[in-house]
Amino acid sequence: MSNTSVKKRIAIFGSTGSIGKQALEVIDANPSAFSVEVLTAHSNDELLIKQALHFKPDIVVIGDDKKYTQVKSALSGQPIKVFAGEKALEEVAAMDIYDMMLAAIVGFAGLRPTLKAIGNGKAIALANKETLVVAGDIVIQKALEHKVPIIPVDSEHSAIFQCLIGETRNRIEKVVLTASGGPFLGKKPNFLVNVKRDHALQHPNWSMGAKITIDSATLMNKGLELIEAKWLFGLQPGQVQVVIHPQSIIHSMVMFEDGSIKAQMGLPDMKLPIQYALGFPRRMANNFPRYDFRKPNTLTFEEPDTRTFRNLLLATEALNKGGNLPCVLNAANEIAVFAFLRNRIGFLDMTDLVERTMQELPFIERPTLEEYFESDGEARNFAASLIKL
Ligand code: NAD
Ligand code: MG
């Protein structure tokens, strides 16, 4: 869009989640820059209806078919089309009614609609990291074919993306992903074995959806982000590294081949990377709280404890071997987190479940998209079979 007075038309897939809600706050604060054309929710019909009445999108999608009538009748009299079901997500993603998709569905469920959007030439603001973990090669290849920009929303990847602006011809030596360490930083297995869901859901720095909050507590989130970084920035596995930085002020860093390091900093607030991705390439003024260097503050860095948080080792193995292994790791992890959130398995069992599933499933070096879908399904079935009834 060359004419800056034209609004960017946004489709928010996963509008009732933590990222989706914060994106709507950003859009609400910048009504001349954006319009909302699509909102989708899995099951929270009440919030979806509220959002629709406020933002007046062209289309809403409710995942749960049983809630279609409620949503439809609440929005009757509005010029808003209502769709329901999983297939509708893909159909709407393929429609020519928006410019940019904010991919903010959680987990594997975000992959298909995002692929549809890319296939139809839509720019992607990508929060859903699982999309790249599951099928990064296919997603990136498709984006190249369709000349579709993928702008990261994940704070670490937004940081790296921002550090790389103006550096297109310069070689990256390595990328350093910062990790807060989560609520159990410094804890050992004898403590973790007794951790329950409510404790694991308390993150020190960020308020996020349940799945990513648990992933942050187990460090699987950082493992998924290693794989996400590899695909987004075309890196070799050895070029990505994790450092624990409990204050979450530096969001990540890039070291170039001359040893110079660029970091992107700010207070931990997801609205910043969300706004950056939606507005890219423009930065937009806002009144979010600012980091103040005059306040007493210490920024610290340490090695992750991978003997305790073994998920990071499993993810590194998946990163190194590639093929369908990251897809298998992700599927088993989704089952593990789901079971932990329902108090079906313990905190440390999550890692065992992922490890055993990775050992069990046949390795495929260059999977097709169909084979990724099959690996996902088989890994889920196997992981679920390990959970005692
Ligand atoms: P969330 O659980 O708060 O929200 C998820 C959204 O996806 C909801 O709108 C829900 O209705 C929808 N959804 C869930 N399951 C679905 C399904 N099967 N089909 C269709 N829609 C479904 O999650 P979140 O914290 O907003 O995270 C969303 C994505 O962004 C995740 O991939 C996460 O890793 C990533 N991310 C989140 C944060 C954060 O601060 N929350 C930061 C970085 C990356
Ligand atoms: Mg992150």
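The values are calculated or read from the model by the stated rules, or taken from the named source; none is laboratory data. In this text, all values refer to a predicted model and were calculated from it rather than measured experimentally. Using ideal geometry, Cβ is built from the backbone for each residue, glycine included, and neighbour counts are taken over all protein chains shown. To get the accessible areas, we keep the full protein, side chains included, count just its heavy atoms, and leave off ligands, DNA and RNA. Shrake-Rupley method; radii C 1.70, N 1.55, O 1.52, S 1.80 Å.
Taking all Cα-Cα distances within segment 77-138, those exceeding 16 Å account for 44%. Roughly what % antiparallel, to the nearest 5, for the DSSP beta bridges in the chain? Percent antiparallel among DSSP bridges in the chain is about 25. Per the Debye calculation on the chain with a single equal scatterer at every Cα and no solvent contribution, log₁₀ I(q)/I(0) for q = 0.08, 0.12, 0.13 Å⁻¹ amounts to -0.40, -0.95, -1.13.
Considered as an equivalent ellipsoid built on the Cα gyration tensor, segment 2-121 has semi-axes of 20, 17, 13 Å, the largest given first. The largest-to-smallest principal axis extents of the Cα set in segment 246-372 are 52, 34, 33 Å. The fraction of Cα-Cα pairs per 5 angstrom bin, counted from 0 for segment 97-205, comes to 2, 10, 16, 17, 16, 13, 11, 7, 5, 2, 0 percent, rounded to whole percents.
The apolar share of the surface of the chain, taken as the fraction of accessible area on carbon and sulfur atoms (1.4 Å probe, ligands and nucleic acids excluded), comes to 51 percent. Taking 215, 137, 258 in turn, the Gaussian network model of the chain (Cα-Cα springs below 10 Å) assigns the largest fluctuation to 258.
Residues whose amide H falls under 5 Å from that of residue 81, counting only those 5 or more places apart or on a different chain, are 59, 60, with hydrogens built in the peptide plane.
Per-residue surface analysis assigns residue 302 an accessible area of about 90 Å², computed on protein heavy atoms at 1.4 Å probe radius.
For segment 320-389, what does the convex hull of the Cα positions come to per residue, in cubic angstrom?
About 74 Å³ per residue, rounded to a whole number.
Accessible surface for residue 173 stands near 80 Å², nearest 10, in the context of the full protein assembly shown (1.4 Å probe). Measuring between alpha carbons in the structure, the pairs from 122/321; 196/388; 8/66; 8/271; 116/174 lying more than 22 angstrom apart are 122/321; 8/66; 116/174.
Can you tell me the FRET efficiency between residue 168 and residue 258 if r is taken as the Cβ-Cβ distance and R0 is 22 Å, rounded to the nearest 0.05? Computed FRET efficiency for residue 168 and residue 258 comes out at 0.90.
Gaussian network model of the chain, Cα springs within a sub-10 Å range: biggest mean-square fluctuation belongs to which of 165, 261, 97? Looking only at 165, 261, 97, the biggest GNM fluctuation is shown by 165. Summarising the amide proton neighbourhood of residue 251: residues at separation of 5 or more, or on other chains, whose placed amide H is nearer than 5 Å comprise 264, 265, 266. Projecting the Cα atoms of 78, 139, 95 onto the dipole axis of segment 1-159, where Lys and Arg carry +1 and Asp and Glu carry -1 at the beta carbon, places 78 farthest toward the positive end. Accessible surface calculations at 1.4 Å, restricted to protein heavy atoms, place the chain at 46 Å² per residue.
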